[in-house]
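Take a look at the structure set out below.
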Amino acid sequence: MADTIAPWEDESAEPLIEFQSVTKRFGAFTAIDSIDLKIYPQEFFALLGPSGCGKTTLMRMLAGFEDPSEGVILLDRQDIAGVPPNRRATNMMFQSYALFPHLSVWDNIAFGLRREGKSKDEVTARVDDMLRLVQLDKFARRKPHQISGGQKQRVALARALAKAPKLLLLDEPLGALDKKLRQETQFELMDIQETTGTTFVIVTHDQEEAMTVASRVAVMDHGQIVQVATPAEIYEVPNSTYVADFIGDVNIIEGRAAGSEGSVQLDWAEGQPPISAATALALSKGATAFLAIRPEKISISAKKPKAPNAVQGKVLDIAYLGNISTYHVELPGGQVLKAQTANTDRTRRQDFTWEEDVWLSWSDNAGVVLDR
């Protein structure tokens with residue numbers, strides 16, 4: 001494992017990858033806009049964002065399929081500009097897996113090693129190690145069409161790791177799997193990454209996937225990195241309404257500040273009491289601010305509770321998701337807030353129904369105050 005649990009917090013830690021003011025243009029279009037980023041050895045790092053945000057371009061530059069228009073990319077302190085993909089200490093696993101259909105699982109994994117001119121004994125030892133790592137020993141002689149989608153994914157992973165790269169790039173690697181298998185495979189990926197100690201960089205648009213597997217997540221938008229942080233920080237302490245809205249489910253309430261240092265009162269709706277929220281932001285009186293609060297942080301009750309923030313509304317819609325229920329509650333001014341309750345009792349019926357009057361409440365530190 002790395003020298004520290006969080007090497008990005010250690011100023012003396014050496015990054016494995018460093019982007020220095022990297023820009024990538026395609027004609028007049030700027031795909032990557034002056035990015036600075038450090039990724040450390042043995043990290044499982046996620047590039048997360050919507051289609052067209054630049055995450056795949058960033059990965060392709062790491063792999064050597066694209067060169068930066070400006071700036072420098074360092075891998076292990078070496079400038080990799082002009083180094084062809086096959087000469088970089090990296091490997092890439094594609095969403096399509098790109099397995100050779102006419103070769104067995106064993107030979108697919110051995111392919112790159114043979115191309116490097118490894119001896120027969122070296123190839124055999126390494127392929128057998130990889131088969132054990134991905135738990136496919138019994139399927140070594142099968143062809144790709146004779147194994148499942150999840151097993152194909154593991155063959156592709158074993159082939160990519162066989163050459164012991166310093167860096168493994170994964171481009172939407174689980175996108176072809178169904179949801180349940182994808183969730184299972186996420187944990188397998190984490191176990192394999194921890195076992196090998198290889199630095200993984202994954203590109204995904206799936207928030208849940210990034211939050212599950214990654215040590216840190218870079219949220220991207222329009223060629224820029226909006227926030228880099230741990231999954232918990234990204235979820236609980238987003239730095240903007242964009243990040244808050246992109247990750248998970250959230251209520252974003254806009255208001256005008258009228259408060260004191262350490263907390264703020266937000267005037268947000270005519271006829272509603274101001275919202276009380278703890279914050280370290282310095283907001284001038286009358287400044288526009290936003291409260292981002294997750295539905296699970298909001299309590300729902302039939303009677304007015306004793307809480308720093310309480311508003312009354314009517315149940316507009318209910319989404320039953322098995323483990324949780326989400327209530328959409330319309331307030332008198334037309335605003336709709338979402339509140340979630342955990343369905344912890346199998347036999348218990350829903351407490352509230354459509355058109356029912358309810359109270360929503362939350363503490364003053366349940367949400368995060370944002371100024372953009």
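No lab work stands behind these numbers, since they all come straight from the coordinates. Computed from a prediction, not measured in an experiment: that's the story for all the values here. Note: ideal-geometry Cβ built from the backbone for every residue, glycine included; neighbour counts use all protein chains shown.
Among the listed pairs Lys304/Lys338; Lys55/Lys118; Lys285/Lys338; Lys55/Lys166, those with a Cα-Cα distance over 24 Å are Lys55/Lys118; Lys285/Lys338.
Of all beta bridges that DSSP places with both ends in the chain, some 75 percent have antiparallel geometry.
What is the ratio of the Cα radius of gyration of the chain to 2.2 N^0.38 Å, where N is its residue count, to two decimals? Mind dumping the intermediate values first?
Details: Rg = 24.7 Å, N = 372, 2.2 N^0.38 = 20.9 Å.
Dividing the Cα Rg of the chain by 2.2 N^0.38 Å gives 1.19.
Once the Cα atoms are used to define both axes, helix 120-133 deviates from the longest principal axis of the chain by about 20 degrees. I'd like the distance separating the alpha-carbon centroids of segment 136-213 and segment 274-328, in whole Å. Here the two parts' Cα centres lie 39 Å apart.
Close amide-amide hydrogen proximity is noted between Ala31 and Lys24, Arg25, Phe26, each under 5 Å apart and 5 or more residues distant or on a separate chain (H modeled in the peptide plane; Pro and chain starts excluded). Placing +1 on each Lys and Arg Cβ and -1 on each Asp and Glu Cβ, with no other charges, gives segment 136-244 a dipole about its Cα centre of roughly 860 debye. Computed from backbone phi with θ = phi - 60° and the Karplus coefficients 6.51, -1.76 and 1.60, the 3J(HN,Hα) list for segment 284-299 is 6, 4, x, 5, 6, 9, 10, 9, 9, 9, 6, x, 6, 8, 9, 8 Hz; x is used for glycine and proline. Specify the longest stretch of the chain that does not include any exposed loop site, a site being one of the GluC sites (Glu not before Pro) with a non-H, G, I, E, B DSSP assignment and at most 12 other Cβ atoms within 10 Å. That gives 117-260 as the longest site-free run.
Across segment 237-251, computed HN-Hα scalar couplings (Karplus, 6.51 cos²θ - 1.76 cosθ + 1.60, θ = phi - 60°) run 10, x, 9, 7, 5, 4, 5, 4, 6, 6, 9, x, 9, 7, 9 Hz from first to last residue, x flagging Gly and Pro. Does segment 187-234 classify as rounded, prolate or oblate by the C-alpha gyration tensor (a ≥ b ≥ c root eigenvalues; a/c under 1.5 gives rounded; else a/b over b/c gives prolate, otherwise oblate)? Here segment 187-234 falls in the prolate category. Could you name the lysines whose alpha carbon sits less than 20 Å from that of Lys179, not counting residues in the same chain fewer than 8 places away? Within the straight-line cut-off, Lys179 pairs with Lys152. Residue-wise HN-Hα couplings along segment 303-315, as the Karplus relation 6.51 cos²θ - 1.76 cosθ + 1.60 with θ = phi - 60° gives them from phi, are 10, 5, x, 8, 8, x, 9, 8, 9, 9, x, 10, 5 Hz; Gly and Pro carry x. Proximity of backbone amide H atoms, modeled 1.01 Å from N, is registered between Ile324 and Asn343 at under 5 Å, excluding neighbours fewer than 5 places apart on the same chain. Take each peptide in 336-344, 222-230, count the other Cβ atoms within 10 Å of every residue, and average; sorted highest first, the result is 222-230, 336-344.
In summary, the aspartates and glutamates within cross-link reach of Lys38, defined as a Cα separation below 13 angstrom excluding same-chain residues under 8 places away, comprise Glu9, Asp10, Glu11, Glu14, Glu18, Asp76. Each of Thr212, Phe290, Ala232 was placed along the dipole of the chain (beta-carbon charges, centred on the mean Cα), and the one lying farthest toward the positive end is Thr212. Along the charge dipole of the chain, which of Pro308, Gly255, Trp362 sits closest to the positive end, that is, farthest toward it, with unit charges on the beta carbon of Lys, Arg, Asp and Glu (+1, +1, -1, -1)? Projecting each Cα onto the dipole axis, the largest value belongs to Trp362. For the listed peptides 162-168, 285-291, a ranking on the average number of other beta carbons within 10 Å per residue, highest first, reads 162-168, 285-291.
Of all lysines in the structure, those lying under 17 Å Cα to Cα from Lys306, and not within fewer than 8 positions of it along the same chain, are Lys297.
Charges only on Cβ, +1 for Lys and Arg, -1 for Asp and Glu: so what's the dipole of segment 220-372 about the Cα centre, in debye to the nearest 20?
Values: 13 positive and 19 negative charges, 77 e Å.
The calculated dipole for segment 220-372 is roughly 360 debye.
When only the Cβ of Lys, Arg, Asp and Glu is charged (+1, +1, -1, -1), the dipole of the chain relative to its Cα centre reaches about 1380 debye.
Quick check on the exposure proxy: order Trp359, Trp354 from fewest to most C-beta atoms within 10 angstrom. Mind dumping the intermediate values first?
Working: Trp359 18, Trp354 11.
Lowest count first: Trp354, Trp359.
Using the Cβ-Cβ distance between Glu208 and Asp345 with R0 = 35 Å, the FRET efficiency computed as 1/(1 + (r/R0)^6) comes to roughly 0.85.
Taking a point 7 Å out from the Cα of Ser363 in the direction of its Cβ, the residues of segment 306-328 whose backbone N falls within less than 13 Å of it are 307-309. Please give the FRET efficiency for Glu355 paired with Ile324, using the beta carbon to beta carbon distance and R0 = 22 Å, rounded to the nearest 0.05. Computed FRET efficiency for Glu355 and Ile324: 0.55. Sorting the Cα pairs of segment 1-157 by distance into bins of 10 Å, from 0 upward, gives 9, 29, 30, 24, 7, 0 percent per bin. Comparing Ser119, Ser240, Ser34 in a Gaussian network model of the chain (Cα springs below 10 Å), the most mobile by mean-square fluctuation is Ser119.
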